[in-house]
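Only one structure is covered here, and it is reproduced in the block below.
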Amino acid sequence: MKVLMVCLGNICRSPMAQGILEAKVEKYHLDWSIDSAGTSGWHDGEHPDQRAIQTCLKNGINIRDQISRKIRPIDFSAFDLILVMDQSNYDNVIKLTSHPKERAKVQLILDYNKNTQRREVPDPYFDNSFDVVYELLDEAIEEVIAAHRKVESVT
Ligand code: 4NP
């Protein structure tokens, strides 16, 4: 399974999502590859926001070596699943697709989180809600693995 996490800047939410999924993939010994990207390209070449790094570190996850990049057309063929953080990411990513097969790969990550009514991961860059974001992502990502692990084992 190849999973791409996407947010706006690729310095807060999607790097955290990438780090959390990488940690779980290692824990469950899965042969998955994970990456993340932003829709904006505003922070191309930068490491994650210090607050995202510290929040992950508190939870035993190192994301400080990640480097921000913009999503590109080839990602739609290179990845099986493209998980976005909010509706605006969704709209921006869908605009880049050219085929229904590509669109079918794009999902809101909180659709996997059964413990919340929220559909969007708030943007912690502005409101500092890094712990809330971590929790929402951690719960969702556990379900991402549960859902797609099953699919992999029967194919
Ligand atoms: P992210 O957060 O999309 O979770 O990486 C943001 C990072 C930077 C900006 C906005 C959101 N910005 O406006 O630069």
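Express in nm, to one decimal, how much length is gained between residue 118 and residue 27 on full extension, taking 0.36 nm for each residue of separation and deducting their alpha carbon distance.
Gain in length upon complete extension: 30.0 nm.
In this rough spin-label picture, where each label sits 7 Å from Cα along the Cβ direction, the residue 95-residue 135 distance is 3.3 nm.
Reported to the nearest whole Å, the Cα centre-to-centre distance from region 1-21 to region 31-74 is 6. For the Cα trace of the chain, dividing Rg by the Kirkwood Rh returns an Rg/Rh value of 0.93. Take the chain with all the other protein chains still there, run a 1.4 Å probe, and you get 51 Å² of accessible area per residue.
Tell me which residues come under 5 Å, amide H to amide H, from residue 70 once H is placed; ignore anything under 5 positions away on its chain. Residues meeting the criterion, in which the H sits 1.01 Å from N, are 38.
When shorter helices are ignored and each DSSP H run of at least 4 residues is given -39500 (n - 2.57), the per-residue value for the chain at 222 nm works out to -13500 deg cm²/dmol.
The values are calculated or read from the model by the stated rules, or taken from the named source; none is laboratory data. Values in this document were obtained by computation on a predicted structure and should not be read as measured data. Glycine gets a Cβ as well: all are built from the backbone with ideal geometry, and neighbour counts include every protein chain shown. Areas reflect the complete protein model, heavy atoms only, side chains present, ligands, DNA and RNA absent. Shrake-Rupley method; radii C 1.70, N 1.55, O 1.52, S 1.80 Å.
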